[in-house]
Amino acid sequence: MSPRHNRPRGGETPDERPSTGLDRYGLERTEEYQGEEWKVRHVAGASAAGKRYRCPGCDQEIPSGTPHLVAWPEYGGVDDRRHWHKACWNAKDRRTSRVQRSRNAPKY
């Protein structure tokens, strides 16, 4: 087996490569949702061991260690961040505006 090469193909230097939107936390992009700009970032899920989040798209729990997305309004604060399943975020415009919980569902 040949050794793995970590050099970029194409011969460009790091300064010549196009910017991909990478920052020190991961890939971040801006999308429009509900008439405003939202920042969206991929989360590997491994760094938040023991934490569980509730997806606002499907109202289901995102288990600890599961890759997902974090989205927040562009001018929002830390309290405005929401953790979404990737599929739920992609389908957010096709869903109804209000998800109904069952009576015995937790409120968090």
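Key figures
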read-out	value
Residue match in segment 40-48 (condition: of a type outside the set (F, W, Y), open to solvent by 50 Å² or more (accessible area, probe 1.4 Å), under 27 Å from N104 (Cβ atoms) and in contact with a Gly (Cβ under 7 Å, 6 or more places away or on another chain))	no
Output for segment 62-96, where each listed residue is more than 15 Å from H42 (Cα to Cα) and aliphatic (A, V, I, L, M)	V78, A91
Residue selected from segment 50-92 under the condition part of a strand (DSSP E or B) and over 21 Å from E37 (Cα atoms), by the criterion least open to solvent (accessible area, probe 1.4 Å)	I62
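The values are calculated or read from the model by the stated rules, or taken from the named source; none is laboratory data. Every value quoted in this text rests on a predicted model; they were computed, and no experiment measured them. FYI the Cβ positions are ideal-geometry reconstructions off the backbone, even for glycines, and counts take in every protein chain you see. Just so you know, the surface numbers come from the protein's heavy atoms only, side chains and all, with ligands and any DNA or RNA stripped out. Shrake-Rupley method; radii C 1.70, N 1.55, O 1.52, S 1.80 Å.
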